[in-house]
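Asker: Following this message is one structure expressed as structure tokens.
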Amino acid sequence: MATFLEVRDVKKSYRMGKFLVPALRGVSFDVETGEFLSIFGPSGSGKSTLLHLMGGLDRPDEGEIIVDGSNILKLNDDKLAELRLIKIGFVFQFFNLLPRLTALRNVELPLTIAGVPEKESLKRAEKMLRLVGLEDRMNHRPSELSGGEQQRVAIARALISNPKIVLGDEPTGNLDTKTGWEIVQLMKKLNEEKKQTFVVVTHDPHIAEAANRIVHLKDGLIAGIEEAPKGR
Amino acid sequence: MKFSKILSIAWESLTQRKLRTSLTTLGVVIGITAIISLASLGEGFRLEIKERMQQGFELDVLIVIPGSFAAALREPFTSPEVNNIRNVTGVKLVAPLITLPQADLYNETNEKVNALTVAAVNFSEITQMLSERFVPMEGKIPGPEENDTIVLGYKTCFWNETTPLVRVGDNITMQIEGYSINKTLRVAAILGKSGTSGITNFDYWAFIPADTATQLMRREVYNIILVKVSDPEQSEHVANAIEDVFENPYSISILVPIAFMRQVDRILNLVQIFLVAIASISLLVAGIGIMNIMTVSVMERTREIGILKAIGAKSRTVLAMFLTEAVLVGIVGGLIGIITGYGLSYALAYVLSSFIQPQQQDTVFQAPETQRMTLNPVFSPEWTIIAFVFAIIVCIIFGLYPARKAAKLDPVEALRYE
């Protein structure tokens, strides 16, 4: 399998008042094309920071992150935004939908930013909402949807530009166990059907179970990489 | 992102916060209203003054008098001097006047006819010189051979507007103090009302033929020379050329009405700019209001901005979204302001015009007929466009800071913002 994303000896610190707090202290691993990778660790282990760096939302202090052949340290802000728009889809713990827009418009947003004509973008957004099972919720605003439904909308939004990789930051962290499990199954299904690469940060063992590989993170360092048994 | 989409997002965002948006816009509306109404009233006032001055002066007629502030009084002008002026380039016509200020006029019943000045002129010259003003109401301007005649200004004849002291064909006796002259003259014509208060208002003057005067006074000197120029715009050049005719140019004074008018026009222009500048302050205040509201709005929407950036919006897209909101406020406020500015101008003109009427005073030196002052707002497209563009520029300048703040937000930080 080809390597889609490389993380090479990445270090990142945050300034907390007077102190520099290290979040990542030298992390290296690869993400293979089409795999479902989980980054597992307790809170404060630096996993969200790692995901932000992998998604080009932030830049590492040291080390390299290479997404589909391009080193994100060498991209300017505009190029980085373009990368996020075209190649990466994000799913957040708190959904991060725009409250003023309907589910349909939220899903359409990345296409709107990309300048896709409205006629086409609406059609694609409808199709995507149908895929996540929300065909009868299209014109509801986020406040009129349940947590699970909101996360489905967020997943639909993450997938609308047909990105090569989807990054999930505790996607089930704000949902009850049952709904969380459904979301995991949905992501797994999309991963298998659409051959899209998924990287999901979690401290939920259920999600980790669904992954092909689990990267264990602890105190900003990799504690181990666990291969899931074949056939799962 | 397509601009049409940015525009519709900005518009939506504004219309969703109706009260806030309308109050912000109101600031711009007030600023533009103030600018438009002051500019248009100033323009109207300026044009009114200009028109009145044009009525009061013959703009193409220079008035040359002996003596000046720089030098002491000099002797009146001689015939050769008058002829030299005739030869100056740019001079179309010259009419010298002899004034006989000591002259008293009496009608047939020995009542005094109140002419402030009796002037001796060549009637054909003066008629050409002041073709619009030197027009008889009754009788006929005497021809070159008709000596011993007199032409009366309107007010010398109709002192109280009802019964004339003299009629055309009557005889008038002219006495000149110190010369023991007692001359009988036939009234040939009575001039129409001059109507305005300019220098060439002859309502209180009486005119006799130049030949009659030179015979009586036994000398030929002139106290005033009227010079008509071919091009009023060249008045100053002609005036300089006339000064050069004289050995001592400082010994004469030349009144150049158009220069005077230009000066007044310039002053009024400055006043107008000053008024607009004051009005512009209110637009600046509106700009600060926009900055204030937008800064709050950026803070409120920090998370939204973070989401947009996380899913791939460029900084300049975010900048454009916020700046578009500011510009929309400017455009809408500007357009409404122009309309209300026009409305306010008319209202102000109506109210103000009753305050600015000239006082009627019963002195002979006051113009007898002071017209009602009309104050009409004049809307120049220039001022309207300037005000509108100014509104948009103010909105861009004051919207730039909060919009940049939004664009520069770090997506990770913005997403974490509660």
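The values are calculated or read from the model by the stated rules, or taken from the named source; none is laboratory data. Keep in mind it's a predicted model, so treat the numbers as computed, not measured. So basically every Cβ, Gly included, is an ideal-geometry build from the backbone, and we count neighbours across all protein chains shown. Accessible surface areas use protein heavy atoms only, side chains included; no ligands, DNA or RNA. Shrake-Rupley method; radii C 1.70, N 1.55, O 1.52, S 1.80 Å.
Asker: Compute the distance in nm between two label points, each set 7 Å from the Cα along the Cα-to-Cβ direction, one at A:Ala2 and one at B:Met137.
Answerer: 10.5 nm
Asker: How many angstrom lie between the Cα centre of region A:93-148 and the Cα centre of region B:32-80?
Answerer: Taking the Cα centre of region B:32-80 as reference, the centre of region A:93-148 is 73 Å away.
Asker: In degrees, nearest 10, range 0 to 90: what is the angle between the Cα axis of helix A:103-114 and the longest Cα principal axis of chain A?
Answerer: 60 degrees
Asker: Which part of region A:98-121 falls in the paramagnetic zone of B:Glu12, meaning amide N under 12 Å from the point 7 Å along Cα-to-beta-carbon?
Answerer: In region A:98-121, the label zone of B:Glu12 (backbone N under 12 Å from the point 7 Å along Cα→Cβ) covers A:98-110, A:112-113.
Asker: Relative contact order of region A:97-162, please, whole-number percent, based on alpha carbon pairs below 8 angstrom and at least 6 residues apart. Mind showing how you got there, number by number?
Answerer: On the way: 81 pairs, mean separation 31.4, N = 66.
The value is 48 percent.
Asker: Considering all alpha-carbon pairs of region A:119-216, what whole percent are spaced by more than 24 angstrom? Please report the intermediate quantities before stating the final value.
Answerer: Details: 917 of 4753 pairs.
Counting every Cα pair in region A:119-216, those more than 24 Å apart make up 19 percent.
Asker: Which value in deg cm²/dmol, rounded to the nearest 500, describes the helix-derived mean residue ellipticity at 222 nm for chain A, given -39,500 (n - 2.57) per DSSP H run of n ≥ 4 and division by the residue count?
Answerer: Values: 7 runs with 81 residues, N = 232.
Estimated from H runs of four or more residues: -10500 deg cm²/dmol.
Asker: Considering only DSSP beta bridges whose two residues both sit in the protein assembly as shown, what percent are antiparallel, to the nearest 5?
Answerer: On the way: 59 of 86 bridges.
That works out to approximately 70 percent antiparallel.
Asker: Could you grab the relative contact order for chain B? Cα pairs under 8 Å, six or more apart, rounded to a whole percent. Could you put the intermediate results ahead of the total?
Answerer: Working: 737 pairs, mean separation 124.4, N = 418.
Rounded, it is 30 percent for chain B.
Asker: Heads up, I need the accessible area for B:Phe390: 1.4 angstrom probe, whole protein in place, Å², nearest 10.
Answerer: Probe radius 1.4 Å; accessible area of B:Phe390 about 70 Å².
Asker: Rounded to the nearest 10 degrees, what's the angle between the helix B:3-16 long axis and the longest principal axis of chain B, both from Cα atoms, 0 to 90?
Answerer: Helix B:3-16 sits at roughly 90 degrees to that axis.
Asker: Moving on to the next point. May I ask for the net charge around B:Arg262, where only other residues with Cβ less than 13 Å from the Cβ of B:Arg262 are counted and Lys, Arg are +1 while Asp, Glu are -1? Kindly include the intermediate steps, with their values, before the conclusion.
Answerer: On the way: positive: B:Arg46, B:Lys50, B:Arg266; negative: B:Glu233, B:Glu236, B:Asp265.
Overall, the nearby charge balance is 0.
Asker: I would also like to ask the following. How big is the charge dipole of region A:97-162 about its Cα centre, in debye rounded to the nearest 20, if each Lys and Arg gets +1 on its Cβ and each Asp and Glu gets -1 on its Cβ?
Answerer: Numbers: 11 positive and 8 negative charges, 17 e Å.
Approximately 80 debye in magnitude.
Asker: Take the alpha carbon atoms of chain B, find their radius of gyration, then divide it by 2.2 N^0.38 Å using N residues; give the quotient.
Answerer: On the way: Rg = 34.0 Å, N = 418, 2.2 N^0.38 = 21.8 Å.
After normalising by residue count via 2.2 N^0.38 Å, the value is 1.56.
Asker: I'm a student and want to see the number: the projected area of the Cα convex hull of region A:97-162, averaged over all directions, in nm². Walk me through the numbers on the way to the answer.
Answerer: Working: hull surface 15.1 nm².
The Cα convex hull of region A:97-162, projected and averaged over all directions, gives 3.8 nm².
Asker: How large is the convex hull of the C-alpha atoms of region B:75-247 per residue, in Å³? Walk me through the numbers before you get to the answer.
Answerer: Working: hull volume 20.4 nm³, N = 173.
Dividing the Cα hull volume of region B:75-247 by its residues yields 118 Å³.
Asker: Right, another one. Which sequence of B:Trp205, B:Trp11, A:Trp181 reflects their accessible areas, 1.4 Å probe, from the largest down?
Answerer: On the way: B:Trp205 50, B:Trp11 130, A:Trp181 110 Å².
Result, largest first: B:Trp11, A:Trp181, B:Trp205.
Asker: Further question: Compute, for the protein assembly as shown, the length of the dipole vector about the Cα centre, with Cβ point charges of +1 (Lys, Arg) and -1 (Asp, Glu) only. Units Debye, rounded to 20. Don't skip to the end; give the middle numbers.
Answerer: Values: 67 positive and 71 negative charges, 707 e Å.
Result for the protein assembly as shown is approximately 3400 debye, rounded to the nearest 20.
Asker: What does the extension gain come out to for B:Gln234 and B:Lys112, with contour length at 0.36 nm per residue minus their alpha carbon separation?
Answerer: Values: separation 122, 0.36 × 122 = 43.92 nm, distance 4.33 nm.
Stretched fully, the B:Gln234-B:Lys112 segment lengthens by 39.6 nm.
Asker: If N is the number of residues in the protein assembly as shown, what value comes out of its Cα radius of gyration divided by 2.2 N^0.38 Å? Each step should come with its number before you reach the end.
Answerer: Numbers: Rg = 45.3 Å, N = 650, 2.2 N^0.38 = 25.8 Å.
The protein assembly as shown yields a ratio of 1.76.
Asker: Can you tell me the dipole magnitude for region B:75-247 around its Cα centre, using point charges on the Cβ only (Lys, Arg +1; Asp, Glu -1), in Debye to the nearest 20?
Answerer: Magnitude of the dipole: close to 420 debye.
Asker: Can you tell me the orientation of helix B:18-56 relative to chain B, as the angle in degrees between its alpha-carbon axis and the longest Cα principal axis, to the nearest 10?
Answerer: In chain B, helix B:18-56 runs at an angle near 10 degrees to the longest axis.
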